[in-house]
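Read-outs: derived from the displayed coordinates by stated rules, not from any lab. Predicted model only: the values in this text are computed from it and were never measured. Note that we place each Cβ from the backbone using ideal geometry, even for glycine, and neighbour counts take in every protein chain shown.
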């Protein structure tokens, strides 16, 4: 596999993790557009631990993820008072606060605007990234088939009814923010140790918006939606290189078309049900 292909599939794995980090709060009806901030926390914390403290990679990734999760939980409580566009704006501002914190207040440790250099000598193997992707997918597989997963679905569909039947809405929403932040933090740590260099511009507003688009376009009601959305957003621009200057315009048309044709995303709960496909299979029989 060439270095170009390695970089492409490494980016794909990291983007899938980031998409799953946004999917967690969205599964409870919370639109988060600031997950680049959690990514930044995981990237900088894990990088500082490996460079300045000389901690091994695995515990550095875990600690970076936990640090992001703690901030996610702390942010999740005041976020409960916000809904819709107000919650989206709050999370967007949160991401910018985190980015500027590492750039200005910890510049002696992180390199500030010049970037964090010298994270390592050799990039981590791609198996590190896809190993975390596999673990995350296994986690969401079992979660979706548990009582907690059903509670998440009920909370997303109707919070009032969910509260009436005894579901702890506050716990679910805050926990969703924490789990999503942990996954985003780990993704940031993997990003830092694969590319061996990070700077604040890697975690700007546009990065947060793109991560949210992975989920919105792929589908917000099942964990396979973020996987598909991240795959399309990562691979399609590479396949459109022959369009050169028109690549961005064509990609924008594709996004608009998907929003019109599939407002619920490409993957929905109904598509994943076997009985959805039975009528189509019967038509194909001779």
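Let me check I have the definition right: for the stretch 174-274, take the eigenvalues of the Cα gyration tensor, multiply each by 5, take square roots. What are those semi-axes in whole Å, largest first?
24, 22, 11
Once you put a point 7 Å from the Cα of residue 3 and another 7 Å from the Cα of residue 171, both along the Cβ direction, what distance in nm separates them?
Inter-label distance under the simple model: 5.1 nm.
Efficiency by 1/(1 + (r/R0)^6): what FRET value for residue 86 and residue 145, r their Cβ-Cβ distance, R0 = 41 Å, to the nearest 0.05?
0.80
Assuming a ≥ b ≥ c are the square roots of the Cα gyration tensor eigenvalues, decide whether the stretch 65-106 counts as rounded (a/c under 1.5), prolate (otherwise, with a/b larger than b/c) or oblate.
Because a/c hits 1.5 or more and a/b fails to exceed b/c, the stretch 65-106 counts as oblate.
Which shape class applies to the stretch 59-157: rounded if a/c is under 1.5, otherwise prolate when a/b exceeds b/c and oblate if not, where a ≥ b ≥ c are the square roots of the Cα gyration tensor eigenvalues?
Here the stretch 59-157 falls in the oblate category.
Would you mind getting me the FRET efficiency between residue 251 and residue 197? Use the beta-carbon distance for r and R0 = 25 Å, nearest 0.05.
Approximately 0.40, to the nearest 0.05.
Measure nothing but the geometry: give the 0 to 90° angle between the long axis through the Cα atoms of 57-79 and the longest principal axis through the Cα atoms of the chain, rounded to 10°.
60 degrees
Using helices alone, I'd like the mean residue ellipticity at 222 nm for the chain: each DSSP H run of four-plus residues gives -39500 (n - 2.57), total over residue count, nearest 500.
-23000 deg cm²/dmol, from helical runs alone.
Which angle between 0 and 90 degrees, to the nearest 10, do you get for helix 224-239 versus the longest principal axis of the chain when only C-alpha atoms count?
Tilt of helix 224-239: around 60 degrees.
Mind checking the angle between helix 247-261 and the chain's longest principal axis? C-alpha axes, 0 to 90 degrees, to the nearest 10.
For helix 247-261, the angle is close to 40 degrees.
Taking other Cβ within 10 Å of each residue's Cβ, how do 24, 93 sort, fewest first?
93, 24
Sort the stretch 212-265 into rounded, prolate or oblate with this rule: let a ≥ b ≥ c be the square roots of the eigenvalues of the Cα gyration tensor; rounded if a/c is under 1.5, and if a/c is not under 1.5, prolate when a/b is larger than b/c, oblate otherwise.
Note, shape of the stretch 212-265 comes out oblate.
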